[in-house]
Amino acid sequence: MPNVMAVEGCAEVAGKVAPFVDRNRCEGKSDCVRVCPYGVFEIRQLSPEDRAALSLIGKLKSWVHGGKQSHVINTGNCHACRRCIDACPENALELRPLI
Ligand code: SF4
């Protein structure tokens, strides 16, 4: 169960931004799942559509890592603390404004 209380470094209110996962970079290493205090991510298999849209290098990386990547499952829970950005070893995440 995600911690929905404000934590140090996450003073921003939720719902202004959300993380975007670069499918050609993510290797499903789970650092984002581990550091996010709000349960925004989960690791699961890529959909056939996402797999088909990968670059050649992205397909190779996906094959090596079992086809699993990070997915944003609680978009509205992001508090913009940037812990996931700092933790991702593949630089696969960025925060984008929610419109
Ligand atoms: S910036 Fe990343 S770690 Fe922080 S709340 Fe948003 S998704 Fe979670």
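The values are calculated or read from the model by the stated rules, or taken from the named source; none is laboratory data. Computed from a predicted model, the values in this text were never measured in an experiment. For neighbour counting, all protein chains shown are included, and Cβ atoms are generated from backbone atoms with ideal geometry for every residue, glycine included.
Quick notes on this one:
- Some residue of segment 80-98 being touching a residue at least 24 places away in the same chain (Cβ under 8 Å), more than 16 Å from the ligand (Cβ to nearest atom) and either in contact with a Phe, Trp or Tyr (Cβ under 7 Å, 6 or more places away or on another chain) or acidic (D, E) (or both): no
- Of G67, G28, all but one fail to be modelled with pLDDT of 95 or more, of a type in the set (G, A, S), surrounded by 13 or more Cβ atoms within 10 Å (Cβ to Cβ) and touching a His at 6+ places or on another chain (Cβ under 7 Å); the exception is G28.
- Among residues of segment 32-53, those that are buried (at least 18 other Cβ atoms within 10 Å of the Cβ) and either more than 20 Å from E94 (Cα to Cα) or more than 10 Å from the ligand (Cβ to nearest atom) (or both), counted: 1
- Selection of segment 32-51 for residues being in contact with a Lys or Arg (Cβ under 9 Å, 6 or more places away or on another chain) and part of a helix (DSSP H, G or I) yields C32, V35, D50, R51.
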